[in-house]
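The structure appears below as structure tokens.
The values are calculated or read from the model by the stated rules, or taken from the named source; none is laboratory data. Source: prediction; values computed, not measured. Positions of Cβ are backbone-derived with ideal geometry, glycine not excepted, and every protein chain shown enters the neighbour counts. Just so you know, the surface numbers come from the protein's heavy atoms only, side chains and all, with ligands and any DNA or RNA stripped out. Shrake-Rupley method; radii C 1.70, N 1.55, O 1.52, S 1.80 Å.
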Amino acid sequence: MKNALGRDIPEYIVGYGYVRPFSGAFANLGLRTKAAVKVRSYVPGEKKILSSIEEVIGKSGLKDGMTVSFHHHLRNGDKVVNQVMKAIADMGFRNIHLAASGIFACHEPLVPYIESGVITQVSANSFNRGPVAQAITHGKLRKPAILRSHGGRPRAIESGEMHIDVAFIAAPACDEWGNLNGTQGKSACGYLAYSYPDAVYADVVVAVTDNLVPYPACPIEITQDLVDYVVLVDSIGDPSGIISGTTQITTDPLNLHIAKTTARLIDTAGYIKDGMSFQTGAGGTSLAVAAQVREYMLAKKVVGAFGSGGIHSYFVNMLQEGLFRCLFDVQCFDLAAVRSAAENPKHMAMSASMYGNPHTRGSVVNNLDVMILGATEVDTDFNVNVVTGSDGTIMGASGGHNDCAAGSKLAIVVTNLLKGRLCAVRDSVTTVTTPGETIDVLVTDWGIAINPRRIDLIDKLKDSKLPITGIGELQKTGERLTGKPEPQKFSDKIVAVVEYRDGTVIDVVRQPV
Amino acid sequence: MQSVLIVNANDPKMLLDAQLFGADALMFDLTKPDEAERDVARILLQEAVAFLGYKTASIIVRANSPDTEDGEMDIKTLAQSNPYAFVIACSGAETVKRAEALAQEIEQSSVTTKIRFILAPDVGISDEGFKVLIAASKRISAVFLPADMSRFIHISSGADIPVIAAPPVNPQDARDLGFSGAATENGGEVDGINEIFSEGRCGV
């Protein structure tokens, strides 16, 4: 069958189940029921602290075929996933569903577990290119991976679609009763916001810590009433690994030029004003846009309502300068953000659900004015791919991409038109992550294309000196320079299912040949 | 012509990207490539101009000295691409006259637009020598000077020849000193130059 974007998707996918096809960005809202939660009562005097991960696994009641969950706030410095999965493998468990909010290159030790059938399913909403992504791309995982958005994951957990049997929470500071926080200790990594739904909805919740503090931990981010067991390990991770990938402003003059153009567009469109809200990713160009927007805010003496999402030092500085009244933090992208989260009460945590879950009474993305997004490919209908490269290799997951695009008033994709020897604007993207109906503008080094659905924006910017053109023109320009590539060939094997934030299937990733 | 972006003529990526920074002029530098690569650079630049067009900016070619074989080839080859002007490094009027003769020869033997020169005088040149230099040809459309040679601006202005500041230069200083525009090798600086010079003195 074809979904609303014309993507060809089977009605039933082995290892995934029946498919609910994507039918529009806002077509699947309405009344929802949350899953019931299983809670084991503790009697006074019963100890939660256990001596090893193996003992925790034994006590947790883990069985073959169950789902274990992790969060990714230590990003590429995380050591908890590898330690726990090694113990699970050593104890002889098989057919485990690894439900991690993020998977990074540091998780390479998982590949043999995927190959041997210890791990047979992976769900993630943040995925960095690396060995695990390669293994999934090449069909080594027995069931298709499920790639969700940051808002889609808590929705799946809270609705019961993704039931977590045992949740492991990396806790940089934790007391023996399970009160914990992410902002203190040698492995402080910032707020643990992606793990909040895991803590509430998992059958068994385990705090894994390398910093056992006297009771009660203070402050408490996740409370003892949610935690079943506590286990002390030598190290939960290396916080320097948080700064993985691009969390520095680009120095490439062309990308800086894109950033300047983007900031000028935001200003010309009237979004730089008191009370504005703003979010960027951690890519070099996105951060450069933040730096440029800061200049406009300073010049206009504007005070924004909030910056949100993954928080980086540029937003921390803007908060300290009084350019934002507060920050909403779902993860820290660098150590300056970690310090700020620990010290500044205006730097607030938001749960992943509050951030982007469409099936709530309102998520923060709906209050967002301007969102800066990246893309590996964009098609002429403004559909965006951030999941796969043009060769079909899995390079990422949606992250907050389709959540923020759906919620924000101005969703801007920034990208170089030419990526290597390919044009980023295509007739059809390799994989759709974010529907074009939620993207407002594409800013490239070769010009700006405004989504024809945004008549208001076209009208507002028509007399500006911005280099506005059509997306078809951008495609022509790019393809004149790069040529039109032969389409990548794929086998019929589905290696990943890409869920839209509402749980419908927006696309699938097939194994490239 | 207030902003000039200098581009190594042997850098394919920059040849592609150069027109995206909003510079009034692109100065393709044939003196940057090593001697062994200059033939290739000439062809590359000729092809780039033909294919990419550079319609949003004036094209300037910084040639090797016309006193050399490379310089002669630079002008003869790239004249076919009809650039706005050639930048000529020169220590005295003899070099300008040689370039003038070469230009006449090219214009007689092939269909090109009028060949113009932008002079880049040697550092040690005297006031008198500079005056002789800029009077040596009617093809001189501008002078390209580092900031520490700004004393020549009034002489050049007297002859109605604009002066572009060579990098490294602070664009604000360049404007304050009386330069008509400024050049940079960093595309990211073009916006700043455009902004500073936008109130405008005489352009080229």
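The table below gives the values:
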quantity: Of B:Gly22, B:Gly188, B:Gly92, the one that fluctuates the most in a GNM where chain B has Cα springs shorter than 10 Å; calculated: B:Gly188
quantity: Cα coordinate range in the range A:1-69, projected on the principal axes (Å, largest first); calculated: 58, 29, 15
quantity: Residue-span extension gain [B:Lys138 to B:Ser157] - 0.36 nm each, minus C-alpha spacing; calculated: 5.3 nm
quantity: Reduction of at least 10 Å² in accessible surface, 1.4 Å probe, comparing all protein chains with the chain by itself, residues of the range A:420-457; calculated: A:Asp445, A:Trp446
quantity: Accessible surface, per residue, of the range A:321-424 when the full set of protein chains is kept, probe 1.4 Å, Å²; calculated: 30 Å²
quantity: Scattering curve values for the range A:247-336, log₁₀ I(q)/I(0), Debye with Cα scatterers, q = 0.10, 0.26 Å⁻¹; calculated: -0.21, -1.40
quantity: Highest to lowest packing among A:328-339, A:397-408, A:221-232, A:470-481, scored as the average C-beta count within 10 Å; calculated: A:397-408, A:328-339, A:221-232, A:470-481
quantity: Rg over Rh [alpha-carbon atoms, Kirkwood Rh] for the protein assembly as shown; calculated: 1.07
quantity: Apportionment of accessible area to carbon and sulfur, the range B:1-93, percent (1.4 Å); calculated: 49 percent
quantity: Buried on assembly, the range B:1-24 (at least 30 Å² less accessible surface than by itself, 1.4 Å probe); calculated: B:Leu16, B:Leu20, B:Phe21
quantity: Rg over Rh [alpha-carbon atoms, Kirkwood Rh] for the range A:142-266; calculated: 1.11
quantity: Nearest-0.05 FRET efficiency for B:Ser58 and A:Asp463, computed from C-beta distance (R0 25 Å); calculated: 0.45
quantity: Size of charge dipole - chain B - debye, nearest 20, with Cβ of Lys, Arg +1 and Asp, Glu -1, no other charges; calculated: 640 debye
quantity: Hits among lysines - C-alpha to C-alpha of A:Lys140 under 20 Å, sequence gap 8 or more where chains match; calculated: A:Lys86, A:Lys489, A:Lys493
quantity: Solvent-accessible area lost in complex, 30 Å² minimum, residues of the range A:239-279 relative to chain alone, 1.4 Å; calculated: A:Pro253, A:Leu254, A:His257, A:Lys260
quantity: Distance (nanometres) between label positions extended 7 Å along Cα→Cβ at A:Phe490 and B:Asn170; calculated: 5.6 nm
quantity: Residues of the range A:155-309: accessible area per residue with a 1.4 Å probe, Å²; calculated: 31 Å²
quantity: Entries of A:Lys38/A:Lys79; A:Lys465/B:Lys32; A:Lys186/A:Lys346; A:Lys273/A:Lys465 with Cα pairs more than 26 Å apart; calculated: A:Lys38/A:Lys79; A:Lys465/B:Lys32
quantity: Choice from B:Val61, B:Val111, B:Val49 with maximal GNM fluctuation in chain B (Cα, 10 Å cutoff); calculated: B:Val111
quantity: Accessible surface of the range B:105-204 [probe 1.4 Å, protein heavy atoms]: carbon and sulfur percent; calculated: 48 percent
quantity: Average accessible surface area per residue within chain B, 1.4 Å rolling probe, Å²; calculated: 44 Å²
quantity: Under the Karplus curve 6.51 cos²θ - 1.76 cosθ + 1.60, θ = phi - 60°, whole-Hz ³J(HN,Hα) for the range A:326-337, x wherever Gly or Pro sits; calculated: 7, 10, 9, 10, 10, 6, 9, 9, 7, 6, 5, 5
quantity: Cα long-axis angle, helix A:284-300 against chain A (0 to 90 degrees, to the nearest 10); calculated: 70 degrees
quantity: Theoretical gain in end-to-end length, A:Val513 to A:Val37 [0.36 nm per residue, Cα-Cα removed]; calculated: 167.0 nm
quantity: Accessible carbon and sulfur surface of the range A:427-495 relative to its total accessible area, %, 1.4 Å; calculated: 50 percent
quantity: In order through the range B:51-60: 3J(HN,Hα) via Karplus (6.51 cos²θ - 1.76 cosθ + 1.60), integer Hz, x for Gly, Pro; calculated: 7, 8, x, 6, 6, 8, 9, 6, 9, 10
quantity: Antiparallel bridge percentage (DSSP; both residues within the protein assembly as shown; nearest 5); calculated: 20 percent
quantity: On Cα atoms only, tilt of A:253-268 relative to the major axis of chain A in degrees; calculated: 80 degrees
quantity: Sum of -39500 (n - 2.57) over DSSP H runs of 4+, divided by residues of the protein assembly as shown (222 nm, nearest 500); calculated: -8000 deg cm²/dmol
quantity: Centre separation in Å (Cα based) which lies between the range A:122-137 and the range A:243-312; calculated: 29 Å
quantity: Where B meets A: accessible area buried, both sides, 1.4 Å probe, Å²; calculated: 1000 Å²
quantity: Cα-projected label distance for B:Ala36 with A:Lys63, points at 7 Å along beta-carbon direction, nm; calculated: 7.2 nm
